[in-house]
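What follows is one structure encoded as structure tokens, with my remarks underneath.
Where a number appears in this text, it was derived from the coordinates with a stated rule and is not lab data. Note that the structure is a prediction, hence the values are computed from the model and not measured. All Cβ positions, even for glycine, are placed from backbone atoms using ideal geometry, and neighbour counts span all protein chains on display.
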Amino acid sequence: MFLAAAMGPWDLSSRGVSQPSTATNPNIRTEPLHPARPIVVAPHLAGLAAPAASPGFLFFGACRRSGTTWVASLLNANPQLHIRNEGWLFNDRGGSFDTWLDHDRFNAWASGPEARGTWLRDTTPAEAARLMQQAMLRTLFQEATRREAWKDWSSLRWCGDKTTMFYNSNIDALATIFPPEPPAAGSPRSPARFLSMVRDGRDCVVSNLFLIFREQRWDKLPADARPYAMRAFEFHGKGVGKPIPLFDPPLLRFLIHEWIAAVAGARRAAEIYGPHGGFHEVKYEDLIADTPAHLRDVYRWLGVSDAITDARLAEIIDDCKFENFSGGRRRGEADPLAEWRKGISGDWRNHFTEDDKRLFKAVAGSLLVELGYERGLDW
């Protein structure tokens, strides 16, 4: 654990230093800690300059293959934003951000009368742990920004990370460390917001499978879906072998449920962050149809729109267009194993069989209707 060594026990008596006691040190409290008190600036400190405010934390989540890498590029082109792509602060490798602090060792200190009577006198152990976790990430973000010549930490409004799937599946853990409500005046805590992106689930499952083909991470698939996925890869990925449909039922069902889980995580994020204005969602299809309008909406939500003229907005969009990331291919020109594969909406029609349609309708047809992608199940 990152803080384990720093927070180990110290034997002060071996160094000739007596341990503090409540009998000799009146500053140590032993009574139960009262709830955290509001921060009040003493009169003799009121004239001092306040430290520069840190940028807020921005977390950006979605289902894989929803267009988030494109949007992250559009956001990062704004000088008041610093967004990095797929930092995996939450992940499936046992090293998610919420585990970086050794809570057992921290609580061994925080539960003692010394801590509760001094540094935790006016706050709770839970709030102190949250501040420490935020400080770890803030320090990492700040140092990364310092080393990136074209970004200036003091000018940023928001700094954050885009990671598909994992933020959506860990939204409650994220909100525990980065609460949705704005921090109180004088608080060292930075605000946090959640940006969500949604795409037609039928396009998501198609593009997601081509990503699996590209990475060849067959272990990420359930056992009953792997054999067919490897066969489909030969024809649809490599262009060899006998033509077969893109999906079989186990493979398609697995990918549909991944999309459903991502949408459910976004809805949970809206419940948590939405009431405080900390949630915004953009549809991939809307962004393709009118990139300037919907990008401007995201900028306004983040409070970074005024500094971007319409002319500069057009430059940002042109710099981040599909052709610049695909090696010159236009939207609609596919390279099955490229990271920027095709870049269009509605590509599912080129791959779904009638059996695929029936399965998708049975598993997630109603969700497509709720999200506005269909009016009914007669597609």
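Looking at the square roots a ≥ b ≥ c of the eigenvalues of the Cα gyration tensor of region 261-379, which shape do they give, rounded for a/c under 1.5, prolate if a/b is larger than b/c, or oblate? Intermediate values should be presented prior to the final figure.
On the way: a/c = 2.53, a/b = 1.21, b/c = 2.10.
The shape class here is oblate.
Average the reciprocal distances over every distinct pair of alpha-carbons in the chain, invert the result, and give the Kirkwood radius in Å.
After inverting the pairwise mean of 1/r, the radius is 23.8 Å.
Under a GNM of the chain (C-alpha, springs under 10 Å), which listed residue has the highest mean-square fluctuation: G61, G117, G278?
G117
Along the charge dipole of the chain, which of Y273, G67, Y284 sits closest to the positive end, that is, farthest toward it, with unit charges on the beta carbon of Lys, Arg, Asp and Glu (+1, +1, -1, -1)?
Working it through, the farthest residue towards the positive pole turns out to be G67.
I need M165, M197, M136 ordered by Cβ neighbour count within 10 Å, fewest first.
Lowest count first: M136, M165, M197.
Suppose every Lys and Arg Cβ carries +1 and every Asp and Glu Cβ carries -1, with no other charges. What dipole size does region 171-265 come out with about its Cα centre, to the nearest 20 debye?
That gives a dipole near 260 debye.
Positive end of the dipole of the chain, charges at C-beta (+1 Lys, Arg; -1 Asp, Glu), about the Cα centre: which of N91, P250, I177 has its Cα farthest in that direction?
N91
In degrees, nearest 10, range 0 to 90: what is the angle between the Cα axis of helix 291-302 and the longest Cα principal axis of the chain?
Helix 291-302 and the main axis of the chain meet at about 10 degrees.
To the nearest 10 degrees, how steeply does helix 354-370 sit against the main Cα axis of the chain, on a 0 to 90 scale?
40 degrees
Distance from the Cα centre of region 258-321 to that of region 160-228, in angstrom?
Going from one Cα centre to the other spans 16 Å.
For the chain, what is the charge dipole size about the Cα centre, in debye to the nearest 20, if Lys and Arg each add +1 at the Cβ and Asp and Glu each add -1 at the Cβ? Mind showing how you got there, number by number?
Numbers: 46 positive and 46 negative charges, 64 e Å.
Dipole magnitude for the chain comes out near 300 debye.
Quick one: V240, V363, V263, V71, fewest Cβ neighbours within 10 Å first, how do they rank?
V240, V363, V263, V71
Can you give the charge dipole size of region 42-198 about its Cα centre, rounded to the nearest 20 debye, using +1 on the beta carbon of Lys and Arg and -1 on the beta carbon of Asp and Glu?
380 debye
Hey, what angle do you get for helix 249-273 against the long axis of the chain, alpha-carbon based, 0 to 90 degrees rounded to 10?
It is inclined by approximately 40 degrees.
Once you sort the root eigenvalues of the Cα gyration tensor of region 55-114 as a ≥ b ≥ c, which label holds: rounded (a/c under 1.5), prolate (a/b larger than b/c) or oblate (the other case)?
Oblate is the answer for region 55-114, as a/c is 1.5 or above yet b/c matches or exceeds a/b.
If one computes the Cα centroid of region 325-379 and of region 88-102, what distance in Å separates the two points?
If you average the Cα positions of each part, the centres end up 32 Å apart.
Taking the chain as a Gaussian network, Cα atoms linked when under 10 Å apart, which of C63, C320, C159 shows the biggest mean-square fluctuation?
Result: C320 has the largest fluctuation of those listed.
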